[in-house]
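Have a look at the structure below, then the notes.
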Amino acid sequence: MQKTAKFSEELSSLIRARYPLLHVETFEEGRCLALVTAVCEARSSKCYVWSRTEGVLHSGKVVADVKDPARVLEWFEQINEKAVLLLKDFHPYFKDPGIVRKIKDLGQKFKRVSQNLIFVSSVQQVPVELSKDMVLLEMPLPERDEIEVLLDQAISCLEDSKKPVAEEREALIEGASGLTAEEIENVLAKSIVSQGRIESTLVQSEKQQIVKKSGLLEFIAINDVAPIGGLHSLRAWLRTRRQGFGAAAREIGLPLPKGLLLVGVPGCGKSLTAMAVGREWKMPLLRLDIGRLFGGLVGSSESNVRRAVATCEAVAPCVLWIDEIEKGLSGSQSGGSSDGGTASRVFGTLLTWMQEKRSAVFVLATANDISQLPPEFLRKGRFDEIFFVDLPTASERKEIFDIHLDRYKWSPAGWNADDLVESTQGFSGAEIEQAVVSARYAAFAEEQEFSQDHILTAIRETVPLSKTMADRLDGLRSWAKFRARPASLVAEAAGPVQFLDRTQALERARNQSKEVSC
């Protein structure tokens, strides 16, 4: 409860120091009221609560039937006692110049007496006239200790045989992180009523609702994701990093994993890896379309970035997938000549968050064209690692064939893996998949038994990307040689790759730096 305790201490200090105007941004009015009440009790002062529907309450009882926003300010000014007035959802009335002026006057008066106005709202809309007089606070969401208390209360209603084991309990605590206390209570009650036990999948569904309401992010369903063929080095790295989100890692002071950048050949598994990470890590997978961030009104794009980031942090722990990020950030180096610098500001806000974030949001970005990515985006600190995904090796192509044939329960006659692997030299994983699908369609249309000959025919009719874009792929491999880790264990590529010593490689990279356009 470190963040909650720190918030409570700061609130107490501000009240005792006679800061007259405070604004708390939160959706949890009840939890905020409990903290403010505790602070007031500790300093022997009264806590009044106002809302437009109920008037002024103290200890849950109506003490003044004053529902007009202007009159309640006058009422509080007249009581002349050591007290705090907590005003719920007062922000719509900040549009009234008379009310704003009255608040400003009270702010000057309350500096000399022990009275404070605390505005509690889910949005932060402070008029410019009060920006220098009002202190802005953001109440943190429930932390692990608070979530455990709520979980224990729900578990106490269950029979021993239906109580979650230690591993399930840990998954529930992680899954509930980012929800409000009321949301946690609701989803736990719903799970008990509908399932007779507490299911972590229902907790995730509650987070899905948060994402949908944002309108900026897409919640990706990961129930039917195909297994990954190959990329064993990348998969081993991901298994290691997954442990960094656990409680054991926090106890020894390990920093939270930041993220991963995948660059490489199109169709070789970058997007599939993002979906597989969400499935295997049992975390919500959110996809960010950077195009959605750009709005027509001045300042709306930057605001959208902050909203998207806030949504991710509310859903954390989660995986944030930014697909083909170079396309979304292609205008970040325009200097503002075409968009007034909006793309640069959006990019800067995103970079700052990626560098400084402390929440359990794992950013997984993919890119095909590294020439469009600015240098500051690629440096260490933004991502934990950069992996290069090349065309699949012979053994990986065998795995890919096995996966797609087993996935659809297709058993071709005359199956010989070596022939298929040899004939798909230079094929990407996506091209292999489509060759199998095309062969199955051909057999269906001919009303014949599905055989390996159908697959070989489809392969012969396919012109792989490695041939049509050979020069660009060579340039991409040259860039990745000393700048990224290979995603595969074996450095075997579908096409000749010259392994240069470091001096030769650096010289070649310098010569090609202005020519490579991947």
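The values are calculated or read from the model by the stated rules, or taken from the named source; none is laboratory data. The shown structure was predicted, so the numbers you read here are calculated from the model rather than taken from an experiment. Every residue, glycine among them, receives a Cβ derived from its backbone with ideal geometry; neighbour counts consider all protein chains shown. Accessible surface is based on the protein model in full, side chains and every heavy atom, while ligands, DNA and RNA are left aside. Shrake-Rupley method; radii C 1.70, N 1.55, O 1.52, S 1.80 Å.
Side notes on the structure shown:
- Amide H contacts under 5 Å for L86, placed H, 5+ residues apart: Y48, V49, W50, I118
- The residue list N368, A394, L351 was ranked by how far each Cα lies along the charge dipole of the range 350-398 toward its positive end, using unit charges on Cβ atoms, and L351 comes out on top.
- Amide H contacts under 5 Å for E385, placed H, 5+ residues apart: G259, L261
- Pairs beyond 24 Å (Cα-Cα), from K46/K67; K46/K95; K6/K46; K212/K409; K3/K109: K46/K95; K212/K409; K3/K109
- Note that the range 273-290 has calculated 3J(HN,Hα) couplings of 4, 4, 5, 5, 5, x, 6, 6, 7, 6, 10, x, 10, 10, 10, 9, 8, 4 Hz, one per residue in order, obtained from phi through the Karplus relation 6.51 cos²θ - 1.76 cosθ + 1.60 (θ = phi - 60°); glycine and proline are x.
- Within straight-line cross-link reach of K163, lysines at Cα separation under 22 Å, skipping those fewer than 8 residues along the same chain: K190, K282
- The range 98-239 has equivalent-ellipsoid semi-axes of 43, 23, 14 Å, by the square roots of 5 times the alpha carbon gyration tensor eigenvalues, sorted largest first.
- At an R0 of 45 angstrom, the distance between the Cβ atoms of R16 and R292 translates into a FRET efficiency of 0.55.
- The range 103-173 - convex hull of the alpha-carbon atoms, volume per residue in Å³: 141 Å³
- In the full protein context, the chain carries 50 Å² of accessible surface per residue, based on a 1.4 Å probe and ignoring ligands, DNA and RNA.
- For the range 405-463, the share of alpha carbon pairs falling in successive 10 Å distance bins from zero is 23, 62, 15, 0 percent.
- At R0 = 45 Å, FRET efficiency that the Cβ-Cβ distance of K6 and M469 yields, to 0.05: 0.25
- Note on the chain: Kirkwood radius taken over Cα pairs, Stokes-Einstein applied at 37 °C and 0.692 mPa s, translational D equal to 122 µm² s⁻¹.
- Part-to-part distance (alpha-carbon centres) for the range 401-457 and the range 26-81, which is given in Å: 71 Å
- With each label modelled as a point 7 angstrom along the Cα→C-beta vector, the N186-A166 pair spans 3.4 nm.
- Rounded, prolate or oblate (a/c below 1.5 giving rounded, otherwise prolate when a/b exceeds b/c) for the range 29-165 by Cα gyration tensor: prolate
- The accessible surface of the chain, taken with every protein chain in place and a 1.4 Å probe, is 50 percent carbon and sulfur.
- Residues with amide H under 5 Å from that of A64, placed H, sequence gap 5 or more: V56
- Principal semi-axes in Å for the range 49-95 [√(5λ), Cα gyration tensor, largest first]: 16, 13, 10
- Vicinal HN-Hα couplings computed from phi for the range 431-447 (Karplus, 6.51 cos²θ - 1.76 cosθ + 1.60; Hz; Gly/Pro x): 5, 5, 4, 5, 5, 5, 5, 4, 5, 5, 5, 4, 5, 5, 5, 7, 6
- J(HN,Hα) series, the range 19-25, from Karplus relation 6.51 cos²θ - 1.76 cosθ + 1.60, nearest Hz, glycine and proline x: 6, x, 10, 10, 10, 10, 8
- Approximate spin-label separation Q108-K380, in nm, with each point projected 7 Å along Cα-to-Cβ: 5.6 nm
- The modelled label-to-label distance for the pair K282/S156, using points 7 Å beyond Cα in the direction of Cβ, is 2.6 nm.
- The fraction of all Cα pairs in the range 135-183 landing in successive 10 Å bins from 0 to the largest distance is 24, 49, 19, 6, 2, given as whole percents.
- Seen from D145, the other residues with C-beta closer than 13 Å to its C-beta sum to a net charge of -1, counting Lys and Arg as +1 and Asp and Glu as -1.
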